[in-house]
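Student: My structure is below; once you've seen it, I'll send some questions.
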Amino acid sequence: QVQLVESGGGLVQPGGSLRLSCAASGSIFRFNTMGWYRQAPGKERELVAQITSGGSTNYADSVKGRFTISREGTRTVYLQMNSLKPEDTAVYYCNWSSYPYEYWGQGTQVTVSS
């Protein structure tokens, strides 16, 4: 079992920045992928960014150049979000996967509004 705890969400004005953190505990496999997904009201959950244990990253087109994913060891992942837009408003979920296992955090709300 892997437990994921997110932090760092909140309310920010357009153009502002937030940093999300996710800490994993439990039985961690050395080779894994950690990432962030988001779900806005009435929309499906979508990938925002992910990073492998080797450091390879993947971003949604909508956040490229604005968001940066990074990780610290095998248990912590961060999402630095700059130049935030109202359309970035969503619940952000941390994800940990190492085939065939996959775990989700409880989600943290990010609201971008003036």
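Student: Quickly work out the residue 99-to-residue 52 label distance, labels modelled 7 Å from Cα along the C-beta direction, and quote it in nm with one decimal.
Tutor: 1.1
Student: Using the Cα centre of the chain as the reference point, and only Cβ charges (+1 on K/R, -1 on D/E), how large is the resulting charge dipole? Debye, rounded to the nearest 20.
Tutor: Working: 10 positive and 8 negative charges, 37 e Å.
Dipole magnitude for the chain comes out near 180 debye.
Student: If you don't mind, another one. List the residues of segment 42-59 whose backbone N lies under 19 Å from a point placed 7 Å from the Cα of residue 17 along the Cα-to-Cβ direction.
Tutor: Within reach of a label on residue 17, which here means backbone N under 19 Å from a point 7 Å along Cα→Cβ, segment 42-59 contributes 49.
Student: What distance in nm separates the simple spin-label points at residue 72 and residue 87, each placed 7 Å from Cα in the Cβ direction?
Tutor: 3.3
Student: Which value, in Å², gives the accessible area per residue of segment 1-110 when a 1.4 Å probe is used on the protein heavy atoms?
Tutor: 54
Student: Next question. What residue among 63, 77, 100 has its Cα farthest toward the positive end of the dipole of the chain, where the charges are +1 on Lys, Arg and -1 on Asp, Glu, each on the Cβ?
Tutor: Ranked along the dipole, the leading option is 77.
Student: I would also like to ask the following. Can you give the net charge of the other residues whose Cβ lies under 15 Å from the Cβ of residue 84, counting K and R as +1 and D and E as -1?
Tutor: Every neighbour counted, the sum reads +3.
Student: Which percent of the accessible heavy-atom area of segment 1-66 goes to carbon and sulfur, probe 1.4 angstrom?
Tutor: 49
Student: Report the charge-dipole magnitude of segment 5-47 in Debye, nearest 20, computed about the Cα centre from +1 at each Lys and Arg Cβ and -1 at each Asp and Glu Cβ.
Tutor: Computed about the Cα centre, the dipole is about 60 debye.
The values are calculated or read from the model by the stated rules, or taken from the named source; none is laboratory data. All values derive from a computational prediction rather than experimental measurement. Cβ: placed from backbone, ideal geometry, glycine included. Neighbour counts: every protein chain shown. Areas reflect the complete protein model, heavy atoms only, side chains present, ligands, DNA and RNA absent. Shrake-Rupley method; radii C 1.70, N 1.55, O 1.52, S 1.80 Å.
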